[in-house]
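Input: a single structure, listed below in structure tokens.
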Amino acid sequence: MSDKPEFTLRTATEDDVPGVARVLSRAFFDDPLFVWLFPDPHTRMARSARWWAAQAGFSFVPAGSVTVAVSGDERPVVRGAAVWVPPGASLPSGRGLLRTVPHTLGLFPVSRIPELAAFMADVQKAAPERPHWYLECLAVDPVTQGSGIGSALLRSGLVRADIDRVPVYLETTEPSALVFYERFGFKASGGVAEEGRPAFHGMVREPGD
């Protein structure tokens, strides 16, 4: 008998927001981006969870962009989450961004806002100009890594992209993730490395790869 948890994939609902925030904050705790965003390890988890809860609650989930892997029947537990943005769309939307501001503004010193804005501008400029699906983020709770959840979440989005016959784009600041995505046909598409900021790597998968 396998000791790997059974799970189901479905579109996230409002009730899943706390679970999505928990998984994302745990999974990205040591990611170079979040180490840079929240340098203090003692407060990083709480600040990261607050960040992700605002993004998921006001932007990702209302847009129907989050696929979750859940286990359990009576009280489902979110084990993994993927945020997919379809061609021509962008997240957060203007309205979603405005709603997140009161919940996220205090997470960063005002003095850091220019460098954060510069980093985000570089990320946006690196994206392909042609229509594509965008994998905003993919995360699995560390306690269930190796159970196939990440692969299942990724494949669910790749199927939709293949049906649309458009590429999938993502960027990551975690070098160890490159090998995982390469297994699914992603190839390096450049990136940006600036002193004092985390380097990010862009990757593209062509339809059917």
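The values are calculated or read from the model by the stated rules, or taken from the named source; none is laboratory data. Everything numeric here is computed off the predicted structure, so don't read it as measured data. Note: ideal-geometry Cβ built from the backbone for every residue, glycine included; neighbour counts use all protein chains shown. To get the accessible areas, we keep the full protein, side chains included, count just its heavy atoms, and leave off ligands, DNA and RNA. Shrake-Rupley method; radii C 1.70, N 1.55, O 1.52, S 1.80 Å.
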### Query
Can you list the helices (runs of 4 or more DSSP H) found entirely within segment 1-84 that contain at least 2 residues being farther than 24 Å from GLY157 by Cα and of a type in the set (A, V, I, L, M, F, W, C)?
32-37, 41-55
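When you scan segment 137-185, how many residues do you find that are open to solvent by less than 50 Å² (accessible area, probe 1.4 Å) and closer than 25 Å to VAL20 by Cα?
Residues of segment 137-185 open to solvent by less than 50 Å² (accessible area, probe 1.4 Å): 137-141, 144, 147-154, 156-158, 161-162, 166-173, 177-178, 180-181, 184-185.
With the extra rule that they be closer than 25 Å to VAL20 by Cα, the set shrinks to 137-141, 144, 147-154, 156-158, 161, 168-173, 177-178, 180-181, 184.
The qualifying residues number 29.
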### Summary
Filtering segment 187-201 for residues that are part of a loop (DSSP other than H, G, I, E, B) and either hydroxyl-bearing (Ser, Thr, Tyr) or in contact with a Phe, Trp or Tyr (Cβ under 9 Å, 6 or more places away or on another chain) (or both) leaves a count of 5
### Task
Pairs only if they're at least six apart or on different chains, beta carbon under 9 angstrom, first in segment 5-30 and in contact (Cβ under 8 Å) with a residue 12 or more places away in the chain and hydroxyl-bearing (Ser, Thr, Tyr), second in a helix (DSSP H, G or I) and surrounded by 22 or more Cβ atoms within 10 Å (Cβ to Cβ); list them, first residue then second.
SER25/PHE34; SER25/SER48; SER25/TRP51; SER25/TRP52
### Summary
Taking segment 194-203 and the residues there that are open to solvent by 20 Å² or more (accessible area, probe 1.4 Å) and touching a strand residue (DSSP E or B) at 6+ places or on another chain (Cβ under 8 Å), the one that is nearest to ALA126 (Cα to Cα) would be HIS201
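How many residues are basic (Lys, Arg) and either closer than 24 Å to PHE38 by Cα or open to solvent by less than 10 Å² (accessible area, probe 1.4 Å) (or both) if we restrict to segment 50-88?
Start the filter on segment 50-88 by keeping residues that are basic (Lys, Arg), which leaves 50, 75, 79.
Still in the running and either closer than 24 Å to PHE38 by Cα or open to solvent by less than 10 Å² (accessible area, probe 1.4 Å) (or both): 50, 79.
The total comes to 2.
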### Message
For segment 12-55: of the residues being under 12 Å from LEU107 (Cα atoms) and of a type in the set (Gly, Ala, Ser), which is modelled with the lowest pLDDT?
### Response
ALA54
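Condition first: assigned to a strand (DSSP E or B), among the aliphatic types (A, V, I, L, M) and either open to solvent by less than 20 Å² (accessible area, probe 1.4 Å) or farther than 22 Å from PHE34 by Cα (or both). Can you find one or more residues in segment 128-136 that meet it? Break it down into steps so the answer makes sense when it comes.
Start the filter on segment 128-136 by keeping residues that are assigned to a strand (DSSP E or B), which leaves 133-136.
If we keep only those that are among the aliphatic types (A, V, I, L, M) as well, we get 135.
If we keep only those that are either open to solvent by less than 20 Å² (accessible area, probe 1.4 Å) or farther than 22 Å from PHE34 by Cα (or both) as well, we get 135.
Yes, segment 128-136 contains a residue that is assigned to a strand (DSSP E or B), among the aliphatic types (A, V, I, L, M) and either open to solvent by less than 20 Å² (accessible area, probe 1.4 Å) or farther than 22 Å from PHE34 by Cα (or both).
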### Message
Go through (1) of a type in the set (Asp, Glu); (2) in a strand (DSSP E or B); (3) surrounded by fewer than 16 Cβ atoms within 10 Å (Cβ to Cβ) for GLU115 and report which single condition fails.
### Response
(2)
